[in-house]
Number of protein chains: 2
Amino acid sequence: MNVHTPRQPSSVTTGPLPGSRKAYVTPSCADMRIPFREILLDPASGEPPLRVYDPSGPYTEAQPHIDLATGLPQIRDGWLARREGLETYAGRAVKAEDNGNVSDEALAEPCPARRAPRRGVGALVTQYEFARAGIITEEMVYVAHRENLGREAALAGAAERRADGESFGAQIPDFVTPEFVRAEIAAGRAIIPANINHTELEPMIIGRNFLVKVNSNIGNSALTSSVAEEVEKMVWSIRWGADTVMDLSTGRNIHNIRDWILRNAPVPIGTVPIYQALEKVGGDALKLDWEVFKDTLIEQAEQGVDYFTIHAGVRLQHVPLTASRTTGIVSRGGSIMARWCLSKHQESFLYERFDEICDIMRKYDVSFSLGDGLRPGSIADANDAAQFGELETLGELTKVAWDKGCQVMIEGPGHVPMHKIKENMDKQLRECGEAPFYTLGPLTTDIAPGYDHITSAIGAAMIGWFGTAMLCYVTPKEHLGLPDRDDVKTGVITYRIAAHAADLAKGHPGARLRDDAMSRARFDFRWQDQFHIGLDPDTAKQFHDETLPKEAHKVAHFCSMCGPKFCSMKITQDLRQEAAAMQNEKDLAEKGMAEKSAEFLEKGGKLYLET
Amino acid sequence: MNVHTPRQPSSVTTGPLPGSRKAYVTPSCADMRIPFREILLDPASGEPPLRVYDPSGPYTEAQPHIDLATGLPQIRDGWLARREGLETYAGRAVKAEDNGNVSDEALAEPCPARRAPRRGVGALVTQYEFARAGIITEEMVYVAHRENLGREAALAGAAERRADGESFGAQIPDFVTPEFVRAEIAAGRAIIPANINHTELEPMIIGRNFLVKVNSNIGNSALTSSVAEEVEKMVWSIRWGADTVMDLSTGRNIHNIRDWILRNAPVPIGTVPIYQALEKVGGDALKLDWEVFKDTLIEQAEQGVDYFTIHAGVRLQHVPLTASRTTGIVSRGGSIMARWCLSKHQESFLYERFDEICDIMRKYDVSFSLGDGLRPGSIADANDAAQFGELETLGELTKVAWDKGCQVMIEGPGHVPMHKIKENMDKQLRECGEAPFYTLGPLTTDIAPGYDHITSAIGAAMIGWFGTAMLCYVTPKEHLGLPDRDDVKTGVITYRIAAHAADLAKGHPGARLRDDAMSRARFDFRWQDQFHIGLDPDTAKQFHDETLPKEAHKVAHFCSMCGPKFCSMKITQDLRQEAAAMQNEKDLAEKGMAEKSAEFLEKGGKLYLET
């Protein structure tokens, strides 16, 4: 990979993944370029390039023109410019408190890419409103083509090669049409997080009748802070397959860091506005009020944040339910709001002002990610009264947000043992009217710090299968420290595994194409193809080369696990050839193949093998 | 950890895990010492040491007396010496072919610890036969105490703290008694792999009404070979929690390496005898015959191998069923036997001689691990006719082996998408009369070489929950290369996670104690305790220290993820204290606590928090 060095503020990782190239597809019906990745396979194999979903943006083009100071191309700008009911306006002036009142020397340089903000002033602003009105937006067309990937090839295959699956009530279509996308959004079952001020966005969709998505978290903390690192973490996350990225910064320069991220993000960016609001009041939860929160919502909405985690479900009445828990409240937002409610003996202002929050978010089409502030932080606390009490409130709020025209998804746990996972999904679907579920793991045991990407991948794969639309990744550093670059990559790839395992189990028509391509490459001993088809070509190649480093081994008809004499795949290949030869010599002229096969199976006698 | 340097052939890793000590418990009823590990917790916490299951043998004692040339103490020798129906005899002489006819210079030194072999000559030899006769052996008493771990504490806990779970028909007892163990073995639902010539063994049990177990694979290959490495890999595997170890060596010096391993193994050792048989005939499958196989069985049984993988289910009639597969036959043993059957147009000698195999294995109480030679090697081939055809044959053979007095478990896949996993378990239970299932993963997708410990941990946790008794680990190197020391550790710990997640979900009474201890340590910010309770204290501490290296941070009431201001657990703790203070000041004399709580919940008014 190349490391591109732009003028500001840092270099980011660019260039295609090994063996891959970027492919943009322009559908006949619309003026847009849908991004895919094509994995090029050994020409001798006769296999066409394998097309896969690609959230990595222009960074993985062969010769990307990246200038972080200018930002990515504004592919949505033309669409939005034509859309009625939006207006451009001056926007809110940046305040010193937005960046934590840092001194001039400590202030991160603002991103020079300025965009005059838009806001909605008409009757139709959000994707939900358009969908309800029966209107298909460009974003809907775009995601339909993205999601349709592989379906044609899959459905053209032999009947027995078609995907099977158990979808638990999800209605996965043979083909994804723009109209299907519209209908799903109108039903509240899916969202396209797409702030009208995030013009650089390559739209994507979150819903249980679509491919399972993965979110990665980045963000500075009070202990570390760097614009360069955070932008690179975003680019690095999407390189390995993150579909959305949450910026959870809590330190200084929050506003300016977020600006750099948004102007250079082809994926939806989510935030938790209460974090910044708390910074603005000096970290004292009791000083939080509606005014500072509202101001923060507008600040971030104008920047283009695509979804906000809002912990409006943490109500005063829920707080006592956490008192006998083993691990109390483990969500930052949840504990901030619990402290506020408790100390003031007042109902949460997020709950009481929920209508007004909706009005603001609708105006920019910021999607709700209704936060699970009372999610369990341990196996002991899973599925308890506090968690489910909050979930019921989130269901109530979902309907309010829909009435206000907003898009909504619902956050979920957390720490849940396997036998209690399905109850979470079922209750969420029931309480929240099938609004998309977005879960953190869940972790299926508490006993493996350092390996919580794995404890949680088990739960994530299962809940994704049951119907969760997006999985928030967990890195190996969970519970222990801040993820570094390697941890981010491990977290994203682990969650791509969980999401893909879920897609396979749900029976997405095209999901198995990649598995099948890998399996054929394995059976043919096409080592380079195996590396390239995999989620992490670099690691696969490195592991292979540790045992068999020579170039000749890349075409060897065995691997280091069994060695040449014992290779079972080699033996099977030889078997087929021998059987074919015998077949040719002895039987070719005699009988039809099917007849022969039936005879063999009947008599248990002489062998017949298809080739 | 200390690295002990014995005289021969190499050093192995010894010493306790950080924060732990070995604890041997002698039950009142029997003269035996049952090994446990005790994790010592911060005395200020008031928590007693946490006792956990411990397969690591004497190596993790504080001052272990390890001499690899002498071997481990023969704790079973006294039991076996008293047992009627066994005789000591001269045993088979070692032949040059047993070690691959290596030259004198290349020959690994034989292990000096010689044991005169025993064999069964009476009516009762195997654990199965004793169990059927209503006799409780020392091994059954031993495993009952091992498995009973934590149940007393768990059941003494408050009712709401008791484990719940969904066991899918498993009958998990409140207490594990020796009689329960006997009854499970007599029913064929569990086995104690315990060759009468493996006197060094600390007995353990495999069955779905017991804790889920983990196997690790070691073994040299044609490409690498070292006694020292293999013994250390065994010790290293059990240090991190492997319950059994399979020696899959295929290279030179197989006999001598195995001797070193067995004399120093406190866990059951499994092998695949066909590998060595094939070495003896120069690697040509067509030269295999009953005589060389029989000789190999006796050779290994006399050495003390506890279970043999026997691929007797790969019948001539099954081979054509693999012809249209995407990845053919991926089991080494399976492909060897398929080639043999196909080339000779004969039924498998393993199938035809199964009675005689049983007679040999019974004589030494070697347990069957009936091999799944036709397991799927890809998502595309999962649950196909070849796989299930073989499984039906394994069911038939299970009954034969039981009639012959042998213990039996059944090997399972492989590569299986999530929605097809349960069918495997259900069919196995049905076809094989509830004999224990022992699966490799299964891997839930094919697309992540380098991460197959994770793709398979998802499937392993699920199938363990559904009823699989032992999980064969998969390392990050699967499909790519030979696992090194780090890979072995990663594989074992990943599979301990899967097994524990399954135990939790099944509702094992004591399983949650470790999770709860971790959660309390988290809530109390006892960092050292968190490291020590976890499956991998070293990695947890290292990850923590990367962000917060100072000793003071080990007692810090926050972590690097949120920093001091944002720490949600800290906020919850403060909340509790504040609430308790308010409670004391304002309400203490007024009303009973339950009343107050009810009042709060009713009116949604003033706050009440339990402390």
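Selection of region A:443-454 for residues being within 9 Å of residue A:415 (Cβ to Cβ) and either among the hydroxyl-bearing types (Ser, Thr, Tyr) or free of Cβ contacts under 8 Å to residues at least 24 places away in the same chain (or both) yields A:444, A:445. Sort out which residues of region A:523-535 are surrounded by fewer than 24 Cβ atoms within 10 Å (Cβ to Cβ) and either under 23 Å from the mean Cα position of the chain (by Cα) or within 7 Å of another protein chain (Cβ to nearest Cβ) (or both), and write them in order of number. Answer for region A:523-535, where residues must be surrounded by fewer than 24 Cβ atoms within 10 Å (Cβ to Cβ) and either under 23 Å from the mean Cα position of the chain (by Cα) or within 7 Å of another protein chain (Cβ to nearest Cβ) (or both): A:523, A:532.
Scan region A:310-344 for residues that are in a helix (DSSP H, G or I) and not charged (D, E, K, R) and report the count.
Taking region A:310-344 first, the residues in a helix (DSSP H, G or I) are A:316-322, A:332-344.
Now drop any that are not not charged (D, E, K, R), which leaves A:316-322, A:333-338, A:340-343.
Matching residues across region A:310-344 total 17.
In region A:466-479, what count of residues is obtained for those that are more than 16 Å from residue B:540 (Cβ to Cβ) and either part of a helix (DSSP H, G or I) or touching a helix residue (DSSP H, G or I) at 6+ places or on another chain (Cβ under 6 Å) (or both)?
Just the residues of region A:466-479 that are more than 16 Å from residue B:540 (Cβ to Cβ), to begin with: A:466-473.
With either part of a helix (DSSP H, G or I) or touching a helix residue (DSSP H, G or I) at 6+ places or on another chain (Cβ under 6 Å) (or both) added as a condition, the list becomes A:466-467, A:471, A:473.
Qualifying residue count for the region: 4.
For region B:443-451, does any single residue satisfy the condition of being touching a Phe, Trp or Tyr at 6+ places or on another chain (Cβ under 8 Å) and not assigned by the TED database to the domain that holds residue B:171? Within region B:443-451, one or more residues are touching a Phe, Trp or Tyr at 6+ places or on another chain (Cβ under 8 Å) and not assigned by the TED database to the domain that holds residue B:171.
Among the residues of region A:367-377, count how many are within 14 Å of chain B (Cβ to nearest Cβ) and in contact with a Leu (Cβ under 9 Å, 6 or more places away or on another chain). So the answer is 4. What do you reckon, is residue B:361 part of a helix (DSSP H, G or I), surrounded by 22 or more Cβ atoms within 10 Å (Cβ to Cβ), of a type in the set (A, V, I, L, M) and touching a strand residue (DSSP E or B) at 6+ places or on another chain (Cβ under 9 Å)? Answer is yes for this residue. Selection of region B:484-522 for residues being free of Cβ contacts under 8 Å to residues at least 60 places away in the same chain and in a loop (DSSP other than H, G, I, E, B) yields only B:484. Within region A:500-516, if we keep just the residues that are surrounded by fewer than 24 Cβ atoms within 10 Å (Cβ to Cβ) and small (Gly, Ala, Ser), the residue that is farthest from residue A:574 (Cα to Cα) turns out to be A:507. Screening B:78, B:85, B:57 for residues that are in the same structural domain as residue B:113 (by the TED database), of a type outside the set (D, E, K, R), more than 15 Å from residue B:115 (Cβ to Cβ) and free of Cβ contacts under 8 Å to residues at least 60 places away in the same chain leaves exactly one candidate, B:85. Candidates A:474, A:492, A:416: the one that is over 28 Å from residue B:514 (Cβ atoms), of a type in the set (A, V, I, L, M), surrounded by 24 or more Cβ atoms within 10 Å (Cβ to Cβ) and more than 7 Å from chain B (Cβ to nearest Cβ) is A:492.
Can you find a residue in region A:359-366 that is without any contact (Cβ under 8 Å) to a residue 60 or more places away in the chain, touching a Cys at 6+ places or on another chain (Cβ under 7 Å) and away from every other protein chain (no Cβ under 14 Å)?
no
Restricting attention to region B:207-266, the residues that are under 20 Å from the mean Cα position of the chain (by Cα), farther than 30 Å from residue B:429 by Cα and among the β-branched types (Val, Ile, Thr) add up to 3. Taking the condition under 17 Å from residue B:575 (Cβ atoms), more than 10 Å from chain B (Cβ to nearest Cβ) and small (Gly, Ala, Ser), does residue A:348 pass? Yes, satisfied.
If I go through region B:397-422 residue by residue, how many of them are assigned to a helix (DSSP H, G or I) and in contact with a strand residue (DSSP E or B) (Cβ under 7 Å, 6 or more places away or on another chain)? Final tally of qualifying residues: 4. Selection of region B:62-104 for residues being among the charged types (D, E, K, R) and closer than 29 Å to residue B:13 by Cβ yields B:67, B:76, B:77, B:98. Which ones in region A:43-58 are in a helix (DSSP H, G or I) and under 24 Å from the mean Cα position of the chain (by Cα)? Of everything in region A:43-58, those that are in a helix (DSSP H, G or I) and under 24 Å from the mean Cα position of the chain (by Cα) turn out to be A:57, A:58.
If you go through region A:313-321 one residue at a time, do you hit one that is of a type outside the set (Val, Ile, Thr), modelled with pLDDT of 95 or more and outside the structural domain of residue A:95 (by the TED database)? Yes, region A:313-321 contains a residue that is of a type outside the set (Val, Ile, Thr), modelled with pLDDT of 95 or more and outside the structural domain of residue A:95 (by the TED database). Just one of the listed residues (A:425, A:470) is outside the structural domain of residue A:397 (by the TED database), closer than 18 Å to residue A:410 by Cα and either among the aliphatic types (A, V, I, L, M) or in contact with a strand residue (DSSP E or B) (Cβ under 6 Å, 6 or more places away or on another chain) (or both), namely A:470.
Of all the listed residues (B:23, B:93, B:106), the sole one being touching a residue at least 24 places away in the same chain (Cβ under 8 Å), in a loop (DSSP other than H, G, I, E, B) and of a type outside the set (Val, Ile, Thr) is B:106.
Taken together, the residues in region A:432-465 that are in a loop (DSSP other than H, G, I, E, B), more than 10 Å from every other protein chain (Cβ to nearest Cβ) and touching a Lys or Arg at 6+ places or on another chain (Cβ under 8 Å) amount to 4. Of all residues in region B:323-333, those being more than 7 Å from every other protein chain (Cβ to nearest Cβ) and within 26 Å of residue B:195 (Cα to Cα) number 1.
The values are calculated or read from the model by the stated rules, or taken from the named source; none is laboratory data. A quick note: this is a predicted structure, and the numbers were derived from the prediction, not measured. We place every Cβ from the backbone using ideal geometry, glycine too, and count neighbours over all the protein chains shown.
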